[in-house]
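Report on one structure; see the data block that follows.
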Amino acid sequence: MTPKIPISVLVVVHTPRLEILLIERAARPGYWQSVTGSLERPDEPLEAAARREVREETGLEAPPGRLQRWNLAYTFEIYPEWRHRFAPGTTHNVEHVLSLELPGRVAVTLAPDEHTASLWLPWREAADKCFSWSNRDAIRMLAQRCRGTGASDMASAPGNG
């Protein structure tokens, strides 16, 4: 097996009302997250990796120009139980954050070997449900980035989270 590259993308898929798509990991029931995945080769552009991961994990196509690269990256320690997938001695991953806004909630087609369920949640509930601190932070930042556009006002309205 070819070792995974310790560079990945995190893609927060959302609607204009800041409803966030979360998917549950097959190998870890109860672990909810946004779309994530490693680069397949060191020179793979981040946007290409993000489009590929969105398609592989949800069946959705990210239209050209819809992916927003945040120029934000997190470095975190790889869980010991997942280190066997990387080259020996690799302990940390660099995760680049992107977002994909869709016009509204859409049905997704999950890769059953990777994920078992999906749901759309208001941004606050989605952030609280994520097991990953970097995913939680990215969802909270998305709400801040949308302030002044009307999206965060809709997300803050009664009954919207």
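Where a number appears in this text, it was derived from the coordinates with a stated rule and is not lab data. Quick caveat, the model's predicted, so the values are computed rather than measured. Please note: Cβ atoms are built from the backbone with ideal geometry, for glycine as well, and neighbour counts cover all protein chains shown.
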Exercise. With the Cα gyration tensor of segment 1-68 giving a ≥ b ≥ c as the square roots of its eigenvalues, does the rule (a/c under 1.5 for rounded; else a/b larger than b/c for prolate; else oblate) give rounded, prolate or oblate?
Worked result: oblate
Exercise. Which residue, 84, 96, 14, has the most motion in a Gaussian network model of the chain that connects Cα atoms within less than 10 Å?
Worked result: 84
Problem set entry | Listed peptides 48-61, 97-110 by packing density, highest first (mean Cβ within 10 Å) | 48-61, 97-110
Problem set entry | Prolate/oblate/rounded call for segment 40-155, Cα gyration tensor, a/c under 1.5 rounded | prolate
Seminar exercise, completed: Expressed in angstrom and rounded, the centroid-to-centroid distance over alpha carbons for segment 1-51 and segment 64-138 is 4 Å
For this session: With everything on Cα atoms, drop me the angle between helix 133-145 and the longest principal axis of the chain, reported from 0 to 90° to the nearest 10.
Result: 30 degrees
Seminar exercise, completed: Computed over the chain, the relative contact order (Cα-Cα under 8 Å, seq sep at least six) in percent reads 33 percent
For this session: Can you tell me the 0 to 90 degree angle between the C-alpha axis of helix 46-58 and the longest principal axis of the chain, rounded to 10?
Result: 80 degrees
